[in-house]
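The values are calculated or read from the model by the stated rules, or taken from the named source; none is laboratory data. What you see is a predicted model; the values in this text were computed from it and never measured. Cβ atoms come from the backbone with ideal geometry, glycine included; neighbour counts cover every protein chain shown. Side chains included, ligands, DNA and RNA excluded: accessible areas come from the protein's heavy atoms. Shrake-Rupley method; radii C 1.70, N 1.55, O 1.52, S 1.80 Å.
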Amino acid sequence: MNANDISNAKDPDLRASLGALRRAAQQARKTAIQTETDLVIVKDGRMQRISPEELRQQVEAATRAQEKPQA
């Protein structure tokens, strides 16, 4: 099942689960930054650690992208 399948599911709880997972991931990033700990994820079947500094850079880049004026 992919994100498109989930967003079109008949079960309202299943449809809402994708948003809940995204909020949980965002909270995990925030907690890792606040506690100066690595965030551990699995990407392409391999475990990876993301440092708090890298997480901060990602937040700053996303903030800058949102602040850019639309052409």
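Computed over neighbours whose Cβ is under 14 Å from that of I41, the net charge equals +2, Lys and Arg +1, Asp and Glu -1.
Mean residue ellipticity, 222 nm, helices only, the chain: the sum of -39500 (n - 2.57) across DSSP H runs of n ≥ 4, divided by residue count and rounded to 500, is -20500 deg cm²/dmol.
For the range 11-71, which whole-number percentage of the solvent-accessible area (1.4 Å probe, protein heavy atoms only) is attributable to carbon and sulfur atoms?
Percent of accessible area from carbon and sulfur atoms in the range 11-71: 52.
The charge dipole of the range 3-59, taken about the Cα centre with unit charges on the Cβ atoms of Lys, Arg (+1) and Asp, Glu (-1), comes to about 100 debye, rounded to the nearest 20.
Heavy-atom accessible surface of the chain, averaged per residue, reaches 85 Å², computed with a 1.4 Å probe.
Here the simple spin-label model places points 7 Å from the Cα toward Cβ, and for T63 and R46 these points are separated by 3.1 nm. Of the residues V42, V59, S17, the one whose Cα sits farthest toward the positive end of the charge dipole of the chain, with +1 on the Cβ of Lys and Arg and -1 on the Cβ of Asp and Glu, is S17. Taking the convex hull of the Cα atoms, report for the range 1-65 its projected area averaged over all directions, in nm². The number I arrive at for the range 1-65 is 5.6 nm².
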